[in-house]
Amino acid sequence: MTDRTLWSYADIAAHIRVQVETVRSYRKHGHLPEPDVVEGGKPFWYADTIRAWSARRPSNRGRRDSD
């Protein structure tokens with residue numbers, strides 16, 4: 001089952017336990033996937049997109065998310 005819930009910067013930050021500005025910096029430096037949707041100029045990502053990206057992040061290898 002796929003999770004098509006749209007996540008904002010704040011949702012991503014909460015998921016990976018960092019500040020919102022850190023997530024914005026990840027995007028600025030190309031470390032975040034391209035947004036799945038842009039609404040009103042604001043980027044959003046599907047929850048599954050971020051979960052997959054988070055699982056591949058070097059700092060999170062071997063870590064299991066509780067979500």
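Is it the case that Trp45 is assigned to a helix (DSSP H, G or I), open to solvent by less than 40 Å² (accessible area, probe 1.4 Å) and modelled with pLDDT of 95 or more?
no
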Subject >> Matching residues in the stretch 1-17 - criterion: being open to solvent by less than 50 Å² (accessible area, probe 1.4 Å) and either of a type in the set (Lys, Arg) or under 11 Å from the mean Cα position of the chain (by Cα) (or both) >> reply: Trp7, Ser8, Tyr9, Ile12, Ala13, His15, Ile16
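Restricting to the stretch 27-38, give me the number of residues that are open to solvent by 50 Å² or more (accessible area, probe 1.4 Å) and free of Cβ contacts under 8 Å to residues at least 12 places away in the same chain.
6
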**OP:** Kindly provide the set of residues from the stretch 33-52 that are among the aliphatic types (A, V, I, L, M) and more than 24 Å from Met1 (Cβ to Cβ), ordered by number.
**Re:** Val38
**OP:** Only residues that are of a type in the set (Phe, Trp, Tyr) and either modelled with pLDDT under 95 or under 10 Å from Ile50 (Cβ atoms) (or both): list them for the stretch 1-18, please.
**Re:** Trp7
Subject >> Within the stretch 20-30, tally of residues that are closer than 16 Å to Ile50 by Cβ and outside any helix (DSSP H, G or I) >> reply: 1
Original post:
Do you know which of the residues in the stretch 48-62 that are charged (D, E, K, R) and in a helix (DSSP H, G or I) is farthest from Asp11 (Cα to Cα)?
Top reply: Arg56
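The values are calculated or read from the model by the stated rules, or taken from the named source; none is laboratory data. Quick caveat, the model's predicted, so the values are computed rather than measured. Cβ: placed from backbone, ideal geometry, glycine included. Neighbour counts: every protein chain shown. Heavy atoms of the whole protein, side chains included, go into the accessibility calculation; ligands, DNA and RNA do not. Shrake-Rupley method; radii C 1.70, N 1.55, O 1.52, S 1.80 Å.
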